[in-house]
């Protein structure tokens, strides 16, 4: 089914009233830097931002995206964040999961956070970002590489932190949003915030559903696609609820409690290159409940000490229904039939104490995560139980030196154990050292230089060790941890309308965990430790404002990843593109907004069990172009304070882009929607409104 979207949007845009004659045209200020602890977007350091009205730079390996940029992305889930985060892309794997890859690194090297709550599911050490709602997210901070020893274990390639909306002043705010699009996409969102004195509350609910997504016209996959352009078995339906309560004390302490719950189901499109040998799966149930609490409080006289504590509980349930063929009707769901059920219970706690000095600070942190997983691979079949504990302790100093120099350095120890291993052999506890050091030199306002070194480890996830993934993988309980040495060297410059940052990076990953095809005629893989994988790269980020109403920004990363073979780094590694690029040109004026986006992905090798050589197939360079047009109106004397209607066309030229071999992404897609804000402020004006 397709909606007459162009006609709908034309009617909506034509129905909007023109701005008043005395209304000033909207434009981009040269800089807006918000640093208050209770603002809509909290920034603790200047950062590069693209396609927004907010910008500043210091570290080109760390970027923040504010509420204005997020609103212009028309996000359906966290998976849609990748284009605005440099060197980052979203990959849809054969399980139908949308996962982040940063600087070409494995998706399990990325940690995703929400308000101090870890979102990675410990069983697999990754999270389906396509099922992470972002209805109440006010900003996103992404760190590429290792930014601190305090980031904890397993964060070898970076962290992505989602921060909920907060209110800058007393009052109430309500937002209503809807979207409609191709393949009967329909989405509704409702958000309410209220702040009074020391208390603040947020409630956000959403529901979205789609019959599937449209594939590019040039795709040919008769067995697993058929004549329809709607991707086979690509439907989705999900409901979510986020609740947050926060209180600020007169002494400067802030505590919050956050709950996120979601419930949904989705199809998993089959791999087109495997024909009748593809896996035919569905997720009839994916449910998750997250409850977290955080405390941020000064200690001692003169606030010389600070304590930060986070704790979270995570309940996760999913089912994977396996079918015989592309009809998705057989076999009947009876005892003994392949049907995976996963139940996870996870507890997490982290505490950090910081001592502030005259010219710096010293922090000590400890964290612990315990996860217990129950798995059944047959309907009404026996269950196996697995468990993993990961703990870490670290200390780090951040000091300002003379002559514009500053340094950050720290070290720690990580520990992992598997107290329960189902019917597989038990493993001994494993430890690993962590280290980080950074040196920075500020040469006045125009130029900042920095260099850093980090050593971090990633412990194998339970699924990598023990799961057969419904017959597609052979378990390997002997996997060892990965150990990475990472070097970064960067510079950032600002001059007039320009901001430019460049970072070179080099990493050596000993014992890299990669999947290998078994070439035994069964289309199965096994995860193994490689001798070493080396990654060399350069990433550049830039913003240019040629006029008050215009902003052009983008990022380009060149990456070379090779595994060691016969003493030389010349072996290919799957899913490492030779470059990742994004370019955005945005214009605002008189209530109108227009954005043009271009994304490009360089050639890369992708796993193909049909390949009788090294099991890899080369995918060519691919890219897409997106367009967005929006009309924003400021409300009058009534309760409506602001309204926006938008039309978005993704993949304008209907280009074929494959996430992996046999996994094409959506073709040309039309989406339209609107948002309405109802504000009732009782004090200062929101600095985000302009």
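All of the numbers you see were taken from the coordinates with simple rules; none came from a lab. Computed from a predicted structure; not experimentally measured. For neighbour counting, all protein chains shown are included, and Cβ atoms are generated from backbone atoms with ideal geometry for every residue, glycine included.
So the values come out like this:
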quantity	calculated
Chain lengthening between residue 618 and residue 402 when straightened (0.36 nm per residue, less Cα-Cα)	72.6 nm
Ranked packing of 250-261, 127-138, 265-276, most packed first, by mean Cβ within 10 Å	127-138, 265-276, 250-261
Prolate/oblate/rounded label for region 46-200 (Cα gyration tensor, a/c 1.5)	oblate
Region 604-655 and region 109-128: distance between their alpha carbon centers, rounded to Å	24 Å
Estimated [θ] at 222 nm from DSSP helical runs (n ≥ 4, -39500 (n - 2.57)) normalised by residues in the chain, nearest 500	-1000 deg cm²/dmol
Protection proxy ranking of 562-569, 458-465, 384-391 - average other beta-carbon atoms within 10 Å, highest first	458-465, 384-391, 562-569
Additional length obtainable on full extension of the chain from residue 655 to residue 480, 0.36 nm per residue less Cα span	59.0 nm
Stokes-Einstein D for region 539-690, Kirkwood Rh over Cα pairs, 25 °C, 0.890 mPa s (µm²/s)	128 µm²/s
Label-point separation in nm, residue 228 to residue 328, each point 7 Å along Cα→Cβ	0.8 nm
Computed label-point distance, nm, for sites residue 169 and residue 385 using a 7 Å Cα→Cβ extension	5.6 nm
Percent RCO, i.e. relative contact order, over the chain, from Cα pairs under 8 Å lying at least 6 residues apart	12 percent
Virtual spin-label span in nm between residue 259 and residue 445, 7 Å along Cα→Cβ	4.9 nm
Rounded if a/c under 1.5, otherwise prolate or oblate - the chain, Cα gyration tensor axes	rounded
Relative contact order of region 277-338, defined on C-alpha pairs under 8 angstrom at six or more residues apart (%)	39 percent
Relative contact order of region 327-464, pairs being alpha-carbon contacts under 8 Å that are 6 or more residues apart, as %	17 percent
DSSP-defined antiparallel bridges as percent of all bridges, region 473-564, nearest 5	95 percent
Cα gyration tensor shape of region 261-359, rounded if a/c is under 1.5, else prolate or oblate by comparing a/b with b/c	prolate
Fewest-first sequence of 535, 166, 561 by Cβ atoms within 10 Å of each Cβ	166, 535, 561
